[in-house]
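Worksheet for the structure shown next.
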Amino acid sequence: MSKENFSSEQEAELEKAVDMLNKGSLVAIPTETVYGLAANAFDEDAVKKIYLTKGRPSSNPLIVHLKNSSDLKLVARDIPNIALILASHFWPGPLTLILPKTEAISDTVSAGYDTVAVRVPKHPMTLALLERLNFPLVAPSANRTNHISPTKPEHVRNSLGENCPMILNGGACAKGLESTIVGFEEEQVILYRQGAISQDDLETFLGHPIENRSGVELQNHSPGSSKKHYSPKTPLFLLDQMDHRFESEYNRIAYLTLRPSFVSVEPHRSLALSETGDLEEAAAQLFDILYLLDEEKFDCIVAERMPEKGLGKSINDRLRRAAEM
Ligand code: TXA
Ligand code: MG
């Protein structure tokens with residue numbers, strides 16, 4: 001596949017990552033969505049380390065990352081036609097498919113479910129890494145459970161500390177939001193997690209509306225579906241209309257809006273997710289800004305709800321969960 005031109009430093013990093021993964025160690029890997037904490041999907045002991053390192057309940061299954069869609073048959077069976085159509089359009093890319101699993105997928109990976117979550121990520125270093133391994137990688141986001149997903153190597157360090165043995169540096173993640181997760185009922189597509197591909201984009205591609213079950217019922221069965229998730233340590237309030245009402249209660253407030261539209265004075269601070277109100281840029285910035293605001297120890301974050309269209313819906317989903325106390 002890809003004949004990438006990596007620097008000699010990147011080559012050395014890749015070789016080290018290959019070696020560590022072959023030995024059953026964990027490596028944080030860059031993807032186009034967020035950094036993942038990766039292990040050999042076929043090595044039970046390695047997979048268990050992921051749950052321990054993240055503090056993740058064993059009831060929450062992992063996503064399997066493949067080097068290409070031809071490998072899909074190794075991990076999934078009885079694949080609906082529509083799943084293949086989605087895979088050929090969106091892979092490599094931020095779409096995760098929930099499919100019936102094969103014997104190759106252990107109950108540790110699938111948390112006892114008879115399904116597997118699977119995608120082909122789109123990042124040159126991670127694709128090169130997968131090419132050099134003879135197994136797929138399981139990789140949840142490389143953060144402590146319930147914390148913010150990391151979109152830069154320093155976020156991984158911030159969230160996991162020295163418990164993460166190696167971070168493969170692939171720079172900042174282009175999309176900055178986790179993959180969109182869909183499952184299937186016969187040939188019907190069901191949306192389980194809104195993410196880097198918007199519901200609108202999926203519906204435009206399919207030519208019809210799809211059922212959105214994100215945040216519904218799925219307590220165990222899904223996607224960051226526990227209400228509190230993706231949370232900064234700083235309390236976050238989500239408003240339809242920005243105003244100064246919290247200033248009587250909190251000394252230092254960070255205001256987070258889509259565009260630079262809200263005026264605040266010291267010691268408060270206003271930040272915009274995008275100069276021009278672009279939702280893709282806003283999505284790419286969101287987690288980075290939340291990590292930053294946590295570090296700067298504001299007393300609270302007051303965030304503006306995004307327009308309910310395109311990636312605005314995915315961003316609102318994350319903001320809502322971050323706002324759950
Ligand atoms: O963008 C992403 O998806 C990133 C990168 C690293 O690929 N990964 C990621 O993984 O966000 P994680 O574990 O943080 O979120 C995956 C979600 C989990 O909430 C889990 O519940 C759900 O996928 N999931 C995994 N396997 C599933 C299954 N068999 N059925 C339903 N949900 C599943
Ligand atoms: Mg996660």
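The values are calculated or read from the model by the stated rules, or taken from the named source; none is laboratory data. Please read all numbers here as calculations on a predicted model, not as lab measurements. With ideal geometry, Cβ positions are generated from the backbone for all residues, glycine too; neighbour counts draw on all protein chains shown.
Looking at the stretch 272-281, is at least one residue of a type outside the set (D, E, K, R) and under 22 Å from Arg193 (Cα atoms)?
Taking the stretch 272-281 and keeping what is of a type outside the set (D, E, K, R), we get 272-274, 276-277, 279.
Filter again for under 22 Å from Arg193 (Cα atoms), leaving 273, 279.
So far as the stretch 272-281 goes, yes, one or more of its residues are of a type outside the set (D, E, K, R) and under 22 Å from Arg193 (Cα atoms).
Report, by residue number, each residue of the stretch 159-170 that is within 15 Å of ligand 1 (Cβ to nearest atom) and not polar (S, T, N, Q). Can you show your working first?
Looking only at the stretch 159-170, we keep the residues that are within 15 Å of ligand 1 (Cβ to nearest atom), and these are 159-160, 164, 167-168, 170.
Once the filter is applied, which keeps residues that are within 15 Å of ligand 1 (Cβ to nearest atom) and not polar (S, T, N, Q), the stretch 159-170 yields Leu160, Cys164, Ile167, Leu168, Gly170.
Kindly evaluate Glu13 against the criterion of being farther than 20 Å from Phe135 by Cβ and not small (Gly, Ala, Ser). If you could, list the steps in order and put the result at the bottom.
Details: farther than 20 Å from Phe135 by Cβ: no; not small (Gly, Ala, Ser): yes.
Taking the combined requirement at face value, the residue does not satisfy it.
Residue by residue through the stretch 1-45, note down the ones that are of a type in the set (D, E, K, R) and either within 16 Å of ligand 1 (Cβ to nearest atom) or surrounded by fewer than 16 Cβ atoms within 10 Å (Cβ to Cβ) (or both).
So in the stretch 1-45, the residues of a type in the set (D, E, K, R) come out as 3-4, 9, 11, 13, 15-16, 19, 23, 32, 43-45.
Lys3, Glu4, Glu9, Glu11, Glu15, Lys16, Asp19, Lys23, Glu32, Glu44, Asp45, listed by residue number.
I'd like the residue in the stretch 144-156 that is in a loop (DSSP other than H, G, I, E, B) and crowded, with 24+ Cβ neighbours inside 10 Å and, out of all such residues, is farthest from ligand 2 (Cβ to nearest atom). Spell out how you get there, then give the answer.
So in the stretch 144-156, the residues in a loop (DSSP other than H, G, I, E, B) come out as 144-146, 148-152.
Those left that are additionally crowded, with 24+ Cβ neighbours inside 10 Å: 148-151.
Values: Ile148: 9, Ser149: 5, Pro150: 10, Thr151: 12 Å.
Residue satisfying both the conditions and the ranking: Thr151.
Among the residues that make up the stretch 148-170, is at least one of them of a type in the set (D, E, K, R), modelled with pLDDT of 95 or more and over 30 Å from Lys233 (Cβ atoms)?
The answer is no, given that none of the residues of the stretch 148-170 is of a type in the set (D, E, K, R), modelled with pLDDT of 95 or more and over 30 Å from Lys233 (Cβ atoms).
Could you pull out every one of the helices (runs of 4 or more DSSP H) wholly within the stretch 9-106 that has 1 or more residues that are in contact with a strand residue (DSSP E or B) (Cβ under 7 Å, 6 or more places away or on another chain), within 16 Å of ligand 2 (Cβ to nearest atom) and of a type outside the set (D, E, K, R)?
Working: elements: 44-54, 72-75, 81-90.
Hits in the stretch 9-106: 44-54.
Within the stretch 57-110, which residues are farther than 20 Å from Ser198 by Cα and among the small types (Gly, Ala, Ser)? Quick ask: steps written out before the conclusion?
Here is the first cut: in the stretch 57-110, the ones farther than 20 Å from Ser198 by Cα are 57-62, 64-81, 99-110.
Scanning the stretch 57-110 gives Ser58, Ser59, Ser69, Ser70, Ala76, Ala104, Ser106, Ser110.
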